[in-house]
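*Asks:* Quick one: structure below, then a few questions.
The values are calculated or read from the model by the stated rules, or taken from the named source; none is laboratory data. Every value quoted in this text rests on a predicted model; they were computed, and no experiment measured them. Quick reminder, even Gly has a Cβ in these numbers, built from the backbone with ideal geometry, and neighbours come from all protein chains shown.
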Amino acid sequence: MKDLEQGMEIHQRIVKTGLLSAVTVANALTDMYAKRGTIQKARVLFDIMPQRDVVSWNSIISGYVQNGVLDEALRLFKEMPQPNMVSWNEMIVGYAQNGVLDEALRLFKEMPHRNVISWNAMIVGYAQNGVLDEALRFFKEIPQRNVISWTAMIAGYAQNGNVENALQMFERMQLAGIKPNSATFASILPVCTKNGGLEKGMEIHQKTIESGFSSDIIVANALIDMYGKCGSIYKAHELFNKIPRHDAVSWNAIITGYAQNGFLDKALKLFEEMPQRNVVS
């Protein structure tokens, strides 16, 4: 909210100085409002712009996509004089992430050119929605895979309880020379809570240390959750104490870990110490 207020103050100064007529300045303001959820203000700016370039169109389309207003995003996309790769990808990502896979596929097929973002959008969309056969088909057909391609498949298998395929994909990724990132580790670690996979979890923990991701808050939270659910609650608490900054997920993971391992008094004590009690799941 503070950033938005500062942005609005800057907007007022720009209006007074007459700089709003500069397309680059208007684009920056449109993008600022769109990214902060005030899409109506972004649209007003877009509509009054004396000149628009491809960035103007992409900013407003992206704003509608990010705010989930896909119909209006598509209407503007169709009106856009010359959509570029960014425009096409923005629409495909929007439909794929919102589970409107038929529309995402239609746009993907209509694209004059595709890049890795286009392919990954389809892989992520199908994987997130549990359509793993289609996700795998796109994964096999993509001209060049990157860490997002691999992580999408790992996450898809993990979220759908396919432990073996998730672990196999994680190993194949490294054999292919692709280094896991924080999202990869956060996707694969929950798999280790199935079928007593503490040993595998410890092995992956070591890899997070070697790759410099063990202190990443997302990875650290996944490690705490993994150790807690695998019965190694003291290791979970050791990691919890090492995190320089705890968020709600960190607290929920350690509290749940103690509760699931039968230490209800300790879980309650931690709950009482938790700063953000109102967001406990």
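*Asks:* So if I check each of Asn221, Asn261, which one is surrounded by 18 or more Cβ atoms within 10 Å (Cβ to Cβ), within 20 Å of the chain's Cα centre (by Cα), within 27 Å of Asn162 (Cβ to Cβ) and of a type outside the set (Val, Ile, Thr)?
*Replies:* Of the residues listed, the single one that is surrounded by 18 or more Cβ atoms within 10 Å (Cβ to Cβ), within 20 Å of the chain's Cα centre (by Cα), within 27 Å of Asn162 (Cβ to Cβ) and of a type outside the set (Val, Ile, Thr) is Asn221.
*Asks:* Scan the range 147-160 and give yes if some residue there is assigned to a helix (DSSP H, G or I) and within 20 Å of Gly257 (Cβ to Cβ), otherwise no.
*Replies:* yes
*Asks:* If Ile48 satisfies all but one of (1) free of Cβ contacts under 8 Å to residues at least 24 places away in the same chain; (2) under 21 Å from the mean Cα position of the chain (by Cα), what's the number of the condition it fails?
*Replies:* (2)
*Asks:* Looking only at the range 203-218, filter to residues that are within 18 Å of Cys230 (Cβ to Cβ) and not acidic (Asp, Glu); which one of those is modelled with the lowest pLDDT?
*Replies:* Here the answer is Ser214.
*Asks:* Pairs, please: C-beta under 8 Å, at least 6 apart or cross-chain, first residue within 15 Å of Lys207 (Cβ to Cβ) and free of Cβ contacts under 8 Å to residues at least 12 places away in the same chain and in the range 163-177, second polar (S, T, N, Q) and in a helix (DSSP H, G or I)?
*Replies:* Sorted first by the residue in the range 163-177, then by its partner, the list stays empty.
*Asks:* So Ile39 clears everything in (1) in contact with a Ser or Thr (Cβ under 9 Å, 6 or more places away or on another chain); (2) of a type in the set (Val, Ile, Thr); (3) farther than 25 Å from Gly156 by Cβ except one condition, right? Which one?
*Replies:* Of (1) in contact with a Ser or Thr (Cβ under 9 Å, 6 or more places away or on another chain); (2) of a type in the set (Val, Ile, Thr); (3) farther than 25 Å from Gly156 by Cβ, only one is false for Ile39: (1).
*Asks:* Only one residue in Met91, Met111 is surrounded by fewer than 22 Cβ atoms within 10 Å (Cβ to Cβ), more than 30 Å from Thr193 (Cβ to Cβ) and not polar (S, T, N, Q). Which one?
*Replies:* So the residue among Met91, Met111 that is surrounded by fewer than 22 Cβ atoms within 10 Å (Cβ to Cβ), more than 30 Å from Thr193 (Cβ to Cβ) and not polar (S, T, N, Q) is Met111.
*Asks:* Quick one: which of Val147, Val191 is in contact with a Gly (Cβ under 8 Å, 6 or more places away or on another chain) and hydrophobic (A, V, I, L, M, F, W, C)?
*Replies:* Result of the check over Val147, Val191: Val191.
*Asks:* Which of the following residues is of a type in the set (A, V, I, L, M, F, W, C) and crowded, with 19+ Cβ neighbours inside 10 Å: Ala127, Ala176?
*Replies:* Residue meeting the stated conditions: Ala127.
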